[in-house]
Amino acid sequence: MEENCEPESIEDVLDCVEDAAEGEKRVSVADIVDQIGDGAFPPLIMVPALIMISPASAVFGVSSFCGLLIVLIAIQMVVGRHKLWLPRLLLEREISKTRLDKAVSFLSKPARLVDGLTGKRLAFLVSPPLERFWAAVCVCLAIVTPIFELVPMSATIIASAVMLFCLAMLAKDGILALMGLAVVALAAWLGWSVAT
């Protein structure tokens, strides 16, 4: 399996995930990490966010598991680790290739649309050391994922913000990061509405 596919867009990340699943009936977290590279934090954070956006998140517990992955990956980016570490228990978690293919197929068209809107704009907002700020925002969002999972499919809002922050870092597009903040505001409003 080819390692370090170095994605620069959502479509690239989806291609990496498909490559990790090639010739397999089931795909593990470790397979995907190996394919993307254990030092490529933004795309590794993006993968569970994309799964949360896909119909796979309709299965109760999937969004919480993806949120846990986002927390564990993003927090290592915040503290400046160069290589990802995950517990073996999480690395061994698997998803069927059929379900993964459905998720990728569902996401392909929107990914193409969003990727087409990216450009190198306000790059300083998503360049070091500010990258760590966006990773910290991802941690904060992912921590509240289990609360949002109580309202079916609402965790998709959080995942969309995380995906925008990751894409902003990959494409060096600060405008996308600001769009992600707008989505966070929507998530906060929804959370407040549910709580009250």
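The values are calculated or read from the model by the stated rules, or taken from the named source; none is laboratory data. Predicted, not measured: the structure shown is a model, and the values here were computed from it. Neighbour counts run over all protein chains shown; Cβ positions are idealised from the backbone, glycine included. Note: areas computed on protein heavy atoms with side chains; ligands, DNA, RNA excluded. Shrake-Rupley method; radii C 1.70, N 1.55, O 1.52, S 1.80 Å.
For LEU14, are the conditions met, namely being open to solvent by less than 20 Å² (accessible area, probe 1.4 Å) and touching a residue at least 60 places away in the same chain (Cβ under 8 Å)? Criteria met by LEU14.
Count of the range 99-120 residues, restricted to those that are under 15 Å from the mean Cα position of the chain (by Cα) and of a type in the set (Ser, Thr, Tyr), is 1. Number of residues in the range 155-176 that are open to solvent by 10 Å² or more (accessible area, probe 1.4 Å) and among the small types (Gly, Ala, Ser) equals 2. Just one residue in the set MET163, MET169 is in contact (Cβ under 8 Å) with a residue 12 or more places away in the chain, of a type outside the set (Phe, Trp, Tyr) and under 25 Å from ALA58 (Cα atoms); that residue is MET163.
Once the range 131-153 is narrowed to residues that are in contact with a helix residue (DSSP H, G or I) (Cβ under 8 Å, 6 or more places away or on another chain) and either among the charged types (D, E, K, R) or without any contact (Cβ under 8 Å) to a residue 40 or more places away in the chain (or both), the residue that is nearest to THR118 (Cα to Cα) is GLU131.
Results for (1) modelled with pLDDT of 95 or more; (2) closer than 20 Å to ALA30 by Cβ; (3) of a type outside the set (Asp, Glu), shown as yes or no for each residue.
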| residue | (1), (2), (3) |
| --- | --- |
| SER96 | no, yes, yes |
| LEU100 | no, yes, yes |
| SER127 | no, no, yes |
| TRP134 | yes, no, yes |
| CYS138 | yes, no, yes |
| PHE148 | no, no, yes |
| VAL162 | yes, no, yes |
| MET169 | yes, no, yes |
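Going by the structure shown, is PHE148 under 20 Å from GLU11 (Cα atoms) and crowded, with 18+ Cβ neighbours inside 10 Å? Here the answer is no, as PHE148 does not meet what is asked.
When the range 26-37 is limited to residues that are farther than 19 Å from GLY67 by Cα and not in a helix (DSSP H, G or I), the one that is least open to solvent (accessible area, probe 1.4 Å) turns out to be GLY37.
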